[in-house]
Amino acid sequence: GENVEQHPSTLSVQEGDSAVIKCTYSDSASNYFPWYKQELGKRPQLIIDIRSNVGEKKDQRIAVTLNKTAKHFSLHITETQPEDSAVYFCAATLLYSSASKIIFGSGTRLSIRP
Amino acid sequence: NAGVTQTPKFQVLKTGQSMTLQCAQDMNHNSMYWYRQDPGMGLRLIYYSASEGTTDKGEVPNGYNVSRLNKREFSLRLESAAPSQTSVYFCASSESTGGVDTQYFGPGTRLTVL
């Protein structure tokens, strides 16, 4: 079946450095790729997303890139801060007119070292 | 505007007991979802409902049933709980518009089956 592989599972970076999380998906029909952040004990929340007709999107310190040919997309966080510590999930979504078929990656636990 | 709400927040069951997890959303979304989250496994879709009156199986439906009571409410039932169903359960709702589908998650229910 379809799946999304996410790497690494854990990541520790020095405050101020950059962090990169990578995902690969199997369903070539996927057309929407959101990233969710989940702080400890909280619910996942959307932080950035990208549609299949776009190669890159930026929002302040975070950016996402998409390579549809390779079925690969990545999250980049620059100038990391303590509040970036959380679990990050990528997802590959196939949007229909009535609902979405979404598959999440297994998550990356990001720790920011002071 | 409460968003997505879930009850209960915590529950402990004995093997073989049954229970229903309740979910409600006030965002007028058509689609609703139930996920389970286990350590290192990310978010796995149990069931979803594209619209009122319809439900479909997700990745891990065995041992669960759902009811889309109306547009606002989507419940998840465990008929005979097993220790393997110990997990955190998240309900979510979304609306696919303009090539975007943001999942809005509830606060989660932490379920332990002894």
In the list A:13, A:87, A:4, A:20, which residue meets the criterion of being touching a His at 6+ places or on another chain (Cβ under 7 Å), touching a residue at least 40 places away in the same chain (Cβ under 8 Å) and among the hydrophobic types (A, V, I, L, M, F, W, C)? A:20
Could you tell me how many of the residues in region B:9-39 are open to solvent by 50 Å² or more (accessible area, probe 1.4 Å), within 18 Å of residue A:43 (Cα to Cα), away from chain A (no Cβ under 14 Å) and not in a loop (DSSP other than H, G, I, E, B)? 2
Scan region A:34-63 and report the pairs whose first residue is free of Cβ contacts under 8 Å to residues at least 12 places away in the same chain and whose second residue is of a type in the set (Lys, Arg), with Cβ atoms within less than 8 Å and a gap of 6+ or a chain change. A:45/A:37
Filtering region B:55-65 for residues that are facing chain A (nearest Cβ under 10 Å), open to solvent by 30 Å² or more (accessible area, probe 1.4 Å) and touching a Leu at 6+ places or on another chain (Cβ under 7 Å) leaves a count of 1
Looking at region A:88-114, which of its residues are buried (at least 20 other Cβ atoms within 10 Å of the Cβ) and among the hydrophobic types (A, V, I, L, M, F, W, C)? A:89, A:90, A:91, A:92, A:95, A:99, A:102, A:103, A:104, A:110, A:112
Filter region A:67-77 for residues that are open to solvent by 10 Å² or more (accessible area, probe 1.4 Å) and under 20 Å from residue A:11 (Cβ atoms) and give the result. A:72, A:76
Across (1) open to solvent by less than 10 Å² (accessible area, probe 1.4 Å); (2) within 13 Å of chain B (Cβ to nearest Cβ), residue A:80 clears everything bar (2)
Pick out, from region A:1-50, the strands (runs of 3 or more DSSP E) lying fully within it that include 1 or more residues that are open to solvent by less than 20 Å² (accessible area, probe 1.4 Å) and small (Gly, Ala, Ser). A:19-25
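Quick grid of which residues meet (1) in contact (Cβ under 8 Å) with a residue 60 or more places away in the chain; (2) surrounded by fewer than 16 Cβ atoms within 10 Å (Cβ to Cβ); (3) not polar (S, T, N, Q):
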| site | (1), (2), (3) |
| --- | --- |
| B:41 | no, yes, yes |
| B:48 | no, no, yes |
| B:53 | no, yes, yes |
| B:67 | no, yes, no |
| B:80 | yes, yes, no |
| B:86 | no, no, no |
Residue A:64 passes all but one of (1) open to solvent by 10 Å² or more (accessible area, probe 1.4 Å); (2) away from chain B (no Cβ under 13 Å); which number fails? (1)
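The values are calculated or read from the model by the stated rules, or taken from the named source; none is laboratory data. Owing to the predicted nature of the structure, the values given are computational and were not obtained by experimental measurement. Ideal geometry is used to build each Cβ from the backbone, glycine not excepted, and the neighbour counts take in all protein chains shown. SASA here: full protein model, heavy atoms, side chains in, ligands and nucleic acids out. Shrake-Rupley method; radii C 1.70, N 1.55, O 1.52, S 1.80 Å.
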